[in-house]
Amino acid sequence: KADWGLSQLNLNNQFTASLTYDLPFGKGKHFGSDWSGPVNAIMGNWEVDVIEKVTSGFPLFVVNSNNQSGVNFQWNGNSLNRPDEISNPHTPGVVASNPNIQCQYTVGSAIPNSTLLGIAPTSVRTISNWFNPCAFAPAAPGELGDSNRAPLYGPRFVNTDMSFIKHFPLPYREGMRLDFRAEFFNMWNHAQFFLPGDGTGMQDVNGLSSFGVINQTVNNPRLIQ
């Protein structure tokens with residue numbers, strides 16, 4: 001029961017829509033039935049196709065690579081502990097209960113009598129702080145952390161693919177045509193963000209340079225063919 005949690009592949013919400021639309025322009029259509037041959041060859045018989053996909057983010061594993069629990073707790077082949085979740089990771093700001101002094105000051109703030117800077121974010125759901133890293137702290141030596149197996153979600157995924165197709169009916173070949181296609185994958189060049197964590201996709205409370213940081217994308221940028 002203590003290990004009950006979401007699968008890494010869990011998706012709470014997924015929406016997919018597919019649309020095929022023959023534009024009503026050209027010979028035999030609602031508009032342009034009287035167009036001349038050259039005009040119809042350019043303006044008539046167009047088709048537009050759209051595939052829209054939107055999904056919620058995948059769960060994020062949060063771990064503590066500095067395992068001082070005294071237990072060889074195997075997770076994906078690694079001896080890792082979990083941290084303690086001491087505040088709401090979706091709430092920005094300092095966390096007074098976090099023993100890390102950097103969590104007592106906001107990002108970039110100078111810490112008196114120290115060369116360190118604060119790391120508590122002033123906002124979350126950003127590239128540099130998808131969640132508040134100060135919401136998690138290493139468990140005390142000899143203890144297992146109380147954080148859920150997958151307490152967080154990564155960014156959502158939004159993608160639009162679109163095609164513009166021009167049909168050229170072949171003369172004297174009833175039912176046959178030649179198509180010209182212009183296809184756009186990820187039409188709006190929407191960045192699909194990803195939190196790689198320590199390289200395994202897990203968020204390590206000890207890796208402050210990557211903990212809660214979006215520094216990779218998945219899927220392709222806009223492709224046209």
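Counting only residues that are in a loop (DSSP other than H, G, I, E, B), under 13 Å from residue 162 (Cα atoms) and open to solvent by less than 80 Å² (accessible area, probe 1.4 Å), segment 176-195 holds 3 of them. Take the conditions (1) of a type in the set (S, T, N, Q); (2) out of contact with any Asp or Glu (no Cβ under 8 Å at 6 or more places or on another chain); (3) in a loop (DSSP other than H, G, I, E, B); (4) surrounded by 11 or more Cβ atoms within 10 Å (Cβ to Cβ); residue 217 misses just one of them, which is (3).
Being surrounded by 19 or more Cβ atoms within 10 Å (Cβ to Cβ), free of Cβ contacts under 8 Å to residues at least 60 places away in the same chain and touching a helix residue (DSSP H, G or I) at 6+ places or on another chain (Cβ under 8 Å) narrows it down to one residue among 88, 98; which is it? Only one candidate passes the filter, namely 98. Out of all the residues in segment 118-125, is one or more out of contact with any helix residue (DSSP H, G or I) (no Cβ under 9 Å at 6 or more places or on another chain), open to solvent by less than 70 Å² (accessible area, probe 1.4 Å) and in contact (Cβ under 8 Å) with a residue 12 or more places away in the chain? For segment 118-125, residues out of contact with any helix residue (DSSP H, G or I) (no Cβ under 9 Å at 6 or more places or on another chain), open to solvent by less than 70 Å² (accessible area, probe 1.4 Å) and in contact (Cβ under 8 Å) with a residue 12 or more places away in the chain: present. The set of residues in segment 104-128 that are of a type outside the set (A, V, I, L, M), at pLDDT below 95 and under 13 Å from residue 208 (Cα atoms) comprises 118, 128. Just to be sure before I move on: is residue 153 under 26 Å from the mean Cα position of the chain (by Cα), open to solvent by 30 Å² or more (accessible area, probe 1.4 Å) and of a type outside the set (Val, Ile, Thr) in the structure I sent? Against the criterion (under 26 Å from the mean Cα position of the chain (by Cα), open to solvent by 30 Å² or more (accessible area, probe 1.4 Å) and of a type outside the set (Val, Ile, Thr)), residue 153 qualifies.
Of all residue pairs spaced 6 or more apart or on separate chains, those with beta-carbon atoms under 6 Å, a first member in segment 146-157 that is within 15 Å of residue 196 (Cβ to Cβ) and a second member that is open to solvent by 50 Å² or more (accessible area, probe 1.4 Å) are 154/58; 155/193. For segment 41-67, name all the residues that are open to solvent by 20 Å² or more (accessible area, probe 1.4 Å) and outside any strand (DSSP E or B). Listed by number, the residues that qualify are 41, 42, 43, 45, 56, 58, 65, 66, 67. Every test in (1) more than 21 Å from residue 180 (Cα to Cα); (2) free of Cβ contacts under 8 Å to residues at least 24 places away in the same chain; (3) of a type in the set (Ser, Thr, Tyr) is passed by residue 7 save one, and that test is (2).
The values are calculated or read from the model by the stated rules, or taken from the named source; none is laboratory data. Just so it is clear, the model here is predicted, and its values are computed rather than measured. Note: ideal-geometry Cβ built from the backbone for every residue, glycine included; neighbour counts use all protein chains shown. Accessible surface areas use protein heavy atoms only, side chains included; no ligands, DNA or RNA. Shrake-Rupley method; radii C 1.70, N 1.55, O 1.52, S 1.80 Å.
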